[in-house]
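Below is one structure, written out as structure tokens; comments come after it.
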């Protein structure tokens, strides 16, 4: 893993939308961190002396997807780091599929934690961010204090469900389509990114994503190289399946799962929790894949409880 450095930037406020996410009472900034050989755009908020929480977004989001959690976590006493992961929004977009292998993605986050002068952090991942968080906890266990996963399967649990559950295989059809060259980019760009808009709106509860939210997402999707970078996560996972050194997660783990997930069967939540030595499983009824948006207060409360010094960890049954 390469050394990590940090430099602050001061882009136009309208470009990062910080003013619409973080109130003036909360210290927050847009920074660029050089980690693992790439530059990541990172929103950092809260006191640098407080315990760190890293929030990892999934597809097709960017840091803004955690807008409902940033301020409450800061007010609860945490230093919050929210990167645009490589290939997304304002972060660097390396060329070639190989650059998006899961070990590279988790190495980015291990190095990001180091830019804060820390050895460990609490790590939260949703969707693809959850896949990175799983890999981080398995590959760099010394960097993860407590782990929280939202609607993202443990890699072994996912492989088993794909092989044994026709329903999960049916739900994963789109990932197979993303393996094609250039055609998925054309489809995602067509009609002002209508396909990506539908991927959010059609699988979430009505009103989850406003027109203003989608305008921000379209701006992120429209950046040079962004669509290819985002899709290369899927291509790399298929071509270079990750092989972490262990299957068992040692860090105390909270698995939160919206039961109305259109892409992932709920059995994955139970199977995934089974790979954790200390685990807590919270199933959210009438909640889709987009739990951080639809159940924002509940998700934040569960995270604060999980990260709290006196938080108990109960086994999933």
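Here, each number is a calculation from the coordinates, and none is a lab measurement. Predicted model only: the values in this text are computed from it and were never measured. Please note: Cβ atoms are built from the backbone with ideal geometry, for glycine as well, and neighbour counts cover all protein chains shown.
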Helices (runs of 4 or more DSSP H) lying entirely in region 169-284 (those with 1 or more residues that are in contact with a strand residue (DSSP E or B) (Cβ under 7 Å, 6 or more places away or on another chain)):
267-273
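One line per residue, one yes/no per condition, for (1) without any contact (Cβ under 8 Å) to a residue 60 or more places away in the chain; (2) more than 20 Å from residue 149 (Cα to Cα); (3) buried (at least 20 other Cβ atoms within 10 Å of the Cβ):
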site	(1), (2), (3)
229	no, yes, yes
240	no, yes, no
247	no, no, no
250	no, no, no
253	no, no, yes
256	no, no, yes
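Take the conditions over 18 Å from residue 127 (Cβ atoms), within 14 Å of the chain's Cα centre (by Cα), in contact (Cβ under 8 Å) with a residue 60 or more places away in the chain and not in a loop (DSSP other than H, G, I, E, B) and apply them to residue 42. Does it pass?
Answer is yes for this residue.
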